[in-house]
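Remarks on the structure that follows.
The values are calculated or read from the model by the stated rules, or taken from the named source; none is laboratory data. All values derive from a computational prediction rather than experimental measurement. With ideal geometry, Cβ positions are generated from the backbone for all residues, glycine too; neighbour counts draw on all protein chains shown.
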Amino acid sequence: MHVTNKTEHDPVCDLDFPNAYMRWAIMAVEEIAGKHGTAIILREAGLERLIDNLPPANMEFEGLKYSDYSALNQALLNFFGRPAKTFARRIGRLSARYSIEHESVLFGFATTALKLMPVNMRLKVALNNMAQGFRKLAARVGQTLDLRVYELPDKFLYVSYTCPVCNGRLADEPMCYVFVGTIQEGAAWLTDGKKFRVVETHCRATGDPACVFELYKTPVQE
Ligand SMILES: [Zn+2]
């Protein structure tokens, strides 16, 4: 997979991106790629100002844009080459773990009531809480995110018309592996470590109007 820039401007690029999500993404990249690799990736993404200078762990908006986050994703997918998908999913899982540790209240994950629900209900409520959490955050700076959650008999769909991972990018196949990892980690956390199949079936980077992530209801047997 090779990721390039779209020639026409993507308005999603201009949305504001909170400090902490960038911090956790870079920390996750560092765990996988090491300090040196991370510096190369950040430079490639045009984010050299963040080398050894991570944004603080807060939900403030201080100049980072969605396009910075997608530039980071573009750079890391291009950096890793063939195993990029696996690494990107792992980076997504690690970022999600930092996020769950710090922001569980925002996303309603911490509620003990959630863990008392049947598994499918937990997944459904958590996906909706996550979308709602992102929307609330963006609303603080007057921005609207188009995120939708649907339920089918065998799976849930998380549909993002304002995807932070791939805005402004072009790819020959769906590229939002970090978000696949994020959903997998969230689902595992909610179900005491169960593993769920998550597939990105549509991607804005391949010309679709939205990125679509399918989360299957039945855990993978191991
Ligand atoms: Zn995407």
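Surrounded by fewer than 19 Cβ atoms within 10 Å (Cβ to Cβ), in contact with a helix residue (DSSP H, G or I) (Cβ under 7 Å, 6 or more places away or on another chain) and at pLDDT below 95, is that true of residue 27?
no
Here is a yes/no grid of residues against (1) touching a Gly at 6+ places or on another chain (Cβ under 9 Å); (2) β-branched (Val, Ile, Thr); (3) at pLDDT below 90:
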residue: 84; (1), (2), (3): no, no, no
residue: 88; (1), (2), (3): yes, no, no
residue: 116; (1), (2), (3): no, no, yes
residue: 131; (1), (2), (3): no, no, no
residue: 142; (1), (2), (3): no, no, no
residue: 152; (1), (2), (3): no, no, no
residue: 157; (1), (2), (3): no, no, no
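From the list 141, 220, which residue is away from the ligand (no atom under 16 Å from the Cβ), surrounded by fewer than 20 Cβ atoms within 10 Å (Cβ to Cβ), over 17 Å from residue 89 (Cα atoms) and among the β-branched types (Val, Ile, Thr)?
Checking each option against the conditions leaves just 141.
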Just one of (1) among the charged types (D, E, K, R); (2) closer than 30 Å to residue 2 by Cα; (3) under 18 Å from the mean Cα position of the chain (by Cα) trips up residue 172, so point out which. (3)
Residues in region 191-205: is at least one of a type in the set (Phe, Trp, Tyr) and away from the ligand (no atom under 16 Å from the Cβ)? yes
Does region 181-190 include one or more residues that are within 16 Å of the ligand (Cβ to nearest atom) and of a type outside the set (S, T, N, Q)? yes
Residue check: is residue 200 without any contact (Cβ under 8 Å) to a residue 40 or more places away in the chain, closer than 30 Å to residue 63 by Cβ and within 17 Å of the chain's Cα centre (by Cα)? yes
